[in-house]
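Visitor: Before anything else, here's the structure in question.
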Amino acid sequence: QLWSSTSASVEPLGTWMPRIMQRTEQALERYLPPGDMVPTTLHDGMRYATLGGGKRLRALLCHAAGELVDADPAILDGAASAIEMIHAYSLVHDDLPAMDNDLLRRGLPTVHVRYGEAMAILVGDGLQAQAFAVIGDLPATAAQRVALLKELASASSSLGMVGGQAIDLASVGHVLPREQLEQMHRLKTGALLRASIFMGAHCGPSPMSAELHDALDNYQRAVGLAFQVVDDILDVTTDAATLGKTPGKDAQDNKPTYVSLLGLDASRALAEELGERARAALTPLGGRATHLHELADMVVHRIR
Ligand code: GRG
């Protein structure tokens, strides 16, 4: 074991999760420009896209990984806010008419419906740049800030999230083999989930050990894929009101999904198996990884 088992002192998920979600909300409030700052429509849109919604899974993963290395919670708040800004930007751009043309996100009208298409593009651009500005200003060492910037930039890049989105666009109407479907999701959604975990670990006072790196790497692979498989399942089994977004769009748009490839039952079994794999990856970390353990369960058993 890499760590002593200290599960007795680990805060229960029932209080830890709302506490981290609340401090993420407060950090985002601080790190986003005020809504009355000129240009006001742009800043109001950036806040609309980011605040008051979402499961904050990426922020939770970042904090849970950071706890493993005794990271300063104030630095974790900055890293988690930056990740949530990149995530919000990706949703704003993904919802645009030129992409998915979605009208509903997190139970509310999408940014382009409320602010217009041109402003929605700028909202995404503004959020993306703000994420990196936040990290640059963190009260962390230069080495920590460079590691965080590098992790977030490559996760968002053409070799990460944006590249995955490009493959997704090109795949419409095609029957992708399972390996290519997996590669697309590893980039499109997996890269930012991976960055959330590794950024949390970079917030620690010393560089990550090889053992911790390997355990987190195995964990992120399984959780990233489980997230996508469950997303595909929810897309066909959940109504719009629960989901907070237009369901069934991927099928309508003729996009490849795990459900279309494997069927519903096999997709559910795959999600459970990936959850098992994620939990197994944490075994070397002992009781201190309890929150990562519980987040993997949450990803597999979430209902929205
Ligand atoms: C357009 C630059 C650009 C990138 C788009 C990640 C992505 C790439 C688009 C997101 C589209 C999408 C709905 C993908 C399915 C998986 C996903 C990321 C769902 C939304 O994430 P959640 O469920 O959202 O964590 P909340 O609202 O809880 O934060």
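Visitor: Cβ neighbours within 10 Å, averaged per peptide: list 71-81, 27-37 in order, most packed at the top. Mind showing how you got there, number by number?
Guide: Working: 71-81: 23.5, 27-37: 15.6.
Top of the packing list down: 71-81, 27-37.
Visitor: Evaluate the Kirkwood expression for the hydrodynamic radius of segment 16-93, namely the inverse of the mean inverse distance over all pairs of different C-alpha atoms, and round to one decimal in Å.
Guide: 12.8
Visitor: Something else about it: Just to be sure I understand: with springs between alpha-carbon atoms less than 10 Å apart, which residue in Ala129, Ala64, Ala278 has the highest mean-square fluctuation in the Gaussian network model of the chain?
Guide: Result: Ala129 has the largest fluctuation of those listed.
Visitor: At q = 0.17, 0.24, 0.27, 0.28 Å⁻¹, what log₁₀ I(q)/I(0) does segment 50-113 have when each alpha carbon counts as one equal point scatterer in the Debye sum?
Guide: -0.63, -0.94, -1.09, -1.14
Visitor: Ok, one more. Let me have the relative contact order for the chain, percent, based on Cα pairs under 8 Å that are six or more residues apart.
Guide: Over the chain, the number comes to 24 percent.
Visitor: What is the gain in length, in nm to one decimal, between Asn101 and Ile303 on full extension, counting 0.36 nm per residue of separation less the C-alpha to C-alpha distance?
Guide: Taking Asn101 through Ile303 to full extension adds about 70.4 nm, to one decimal.
Visitor: Which three lengths, in whole Å and largest first, does the chain cover when its Cα atoms are put on their principal axes?
Guide: Computed over the Cα atoms, the extents are 51, 50, 34 Å.
Visitor: Here's something else I'd like to know. Name the residues whose placed amide hydrogens come within less than 5 Å of the amide hydrogen of Leu104, ignoring near sequence neighbours (fewer than 5 apart) on the same chain.
Guide: Residues meeting the criterion, in which the H sits 1.01 Å from N, are Thr110, Thr246.
Visitor: Using a/c under 1.5 as the rounded threshold, could you call segment 88-219 rounded, prolate or oblate? The axes a ≥ b ≥ c are square roots of the C-alpha gyration tensor eigenvalues, and prolate needs a/b larger than b/c, oblate otherwise.
Guide: Cα axes put segment 88-219 in the oblate bin.
Visitor: Now for a different question. With charges set only on the Cβ (+1 for Lys and Arg, -1 for Asp and Glu), what does the dipole of the chain come to about its Cα centre, in debye to the nearest 20?
Guide: Its charge dipole is roughly 160 debye.
Visitor: At 18 angstrom or more along the helix axis (alpha-carbon based) and mean Kyte-Doolittle of -0.5 or higher, what helices does the chain contain? Whole DSSP H runs only.
Guide: Those that pass (Cα extent of 18 Å or more, hydropathy at least -0.5) are 73-95, 117-136, 142-156, 210-237, 264-281.
Visitor: When averaged across all projection directions, what area in nm² does the alpha-carbon convex hull of segment 126-188 cover?
Guide: 5.1
Visitor: Further, regarding this structure: Lys255: which aspartates and glutamates have alpha carbons under 18 Å from its alpha carbon, excluding same-chain residues fewer than 8 sequence positions away?
Guide: Partners within reach: Asp94, Asp95, Asp100, Asp102, Asp168, Glu179, Glu182, Asp231, Asp232, Asp235.
Visitor: Now, a different point. Take the Cα coordinates of segment 77-119, assign each an equal point scatterer, and use the Debye formula without solvent to give log10 I(q)/I(0) at q = 0.14 Å⁻¹.
Guide: -0.34
Visitor: Over the Cα atoms of segment 5-140, each weighted equally, I'd like the Debye log10 I(q)/I(0) at q = 0.20, 0.22 Å⁻¹, rounded to two decimals.
Guide: At q = 0.20, 0.22 Å⁻¹ the computed log10 ratios are -1.12, -1.28.
Laboratory data are not the source of any read-out in this text; all were calculated from the coordinates shown. These numbers come from a predicted model, not from an experiment. A quick note on method: Cβ atoms are made from the backbone with ideal geometry, for glycine too, and the neighbour counts reach across all protein chains shown.
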